[in-house]
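The values are calculated or read from the model by the stated rules, or taken from the named source; none is laboratory data. Treat the numbers as computed from the prediction; the structure is a model and nothing was measured. Here Cβ is always computed from backbone atoms with ideal geometry, including for glycine, and neighbour counts include all displayed protein chains. In case anyone asks, the SASA skips ligands and DNA or RNA and just uses the protein heavy atoms, side chains included. Shrake-Rupley method; radii C 1.70, N 1.55, O 1.52, S 1.80 Å.
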Amino acid sequence: MMTGGRGFAARHLVVMLLRYGDWSVRIADLGPSIKLKAYEEEDILSDAVQSGKAQYHNDSYSATKAEVPQVLGSLR
């Protein structure tokens, strides 16, 4: 799970993980949806979002330390 996934650094990390091919990525951010930039429309991130390899979630709350292991465990 990548929190703050719409930001510059996190977005690049998401793309790197997708390029390795072994990862499914959940992107969590406060925005209602992920808006791809024009240059990303025909990129690995766009393909991953369309195929379900990357999923965007509106994260209107923050996980507590007790919830983090549960969230990470659900990603496997």
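Here is the figure for region 11-37: residues that are at pLDDT 80 or above and either hydroxyl-bearing (S, T, Y) or in a helix (DSSP H, G or I) (or both) total 11. Screening T64 against (1) out of contact with any Leu (no Cβ under 8 Å at 6 or more places or on another chain); (2) open to solvent by less than 70 Å² (accessible area, probe 1.4 Å); (3) modelled with pLDDT under 75 leaves a single unmet condition, (2). Picking from residues in region 1-44 that are among the aliphatic types (A, V, I, L, M) and more than 19 Å from D59 (Cα to Cα), the one that is surrounded by the most Cβ atoms within 10 Å (Cβ to Cβ) is L18.
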